[in-house]
1. Please work out which residue is farthest from G19 (Cα to Cα), limiting yourself to segment 58-75 and to residues that are surrounded by fewer than 18 Cβ atoms within 10 Å (Cβ to Cβ) and not charged (D, E, K, R).
2. Only one of V133, V127 is touching a His at 6+ places or on another chain (Cβ under 6 Å) and within 19 Å of A22 (Cα to Cα); which?
3. Mind counting the residues in segment 76-128 that are on the phi > 0 side of the Ramachandran plot and either surrounded by 13 or more Cβ atoms within 10 Å (Cβ to Cβ) or among the polar types (S, T, N, Q) (or both)?
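Any read-out appearing in this document is the output of simple, stated calculations on the displayed coordinates, not a laboratory observation. The model shown is predicted, which means the values in this text are computed figures rather than measured ones. Here the Cβ positions follow ideal geometry from the backbone for every residue, glycine too, while neighbour counts run over all protein chains shown.
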Amino acid sequence: MKRTRLLNSELCYEISRLGHTASITLCDAGLPIPSGVKRIDLAIEDGYPSFLRTLDAILSELKVEEIVIASEMHDRNQLLFEQMMKLFEAHLMAPKITEVSHVEFKQRTEDSEAVVRTGECTPYANVILKSGVVF
């Protein structure tokens, strides 16, 4: 049995496949997922699992060098943005932050290796995580 925190086999597999600069998207329950992109649907009910709890587990396995968020997140969900950045700090990461419009964000998800859907039901709780290297 795995010794690390992240237990979801599909998610572990997708993270293990990521090369440098490849991306995975973590999203709320409402973000449209493009056809042709692998969907890992963790959503069970409103708020479960939460965006932050899922991100924390992912960061235990994935080195992130850059994140992409919708600029609207600052106006509509600043608290979540701040909490997200604290998680990166806790995992000793300081990723580059790229902000785009929500429309462009949705387009960029098409380039993700996978989209991980949480049960989060707060606005703009979405992030594209670009893989870094551990050396």
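1. So, considering only residues that are surrounded by fewer than 18 Cβ atoms within 10 Å (Cβ to Cβ) and not charged (D, E, K, R), the one farthest from G19 (Cα to Cα) is H74.
2. Working: V127 fails: touching a His at 6+ places or on another chain (Cβ under 6 Å).
Of V133, V127, the one residue that is touching a His at 6+ places or on another chain (Cβ under 6 Å) and within 19 Å of A22 (Cα to Cα) is V133.
3. Start the filter on segment 76-128 by keeping residues that are on the phi > 0 side of the Ramachandran plot, which leaves 92, 124.
So of that shortlist, the ones also either surrounded by 13 or more Cβ atoms within 10 Å (Cβ to Cβ) or among the polar types (S, T, N, Q) (or both) come out as 124.
The qualifying residues number 1.
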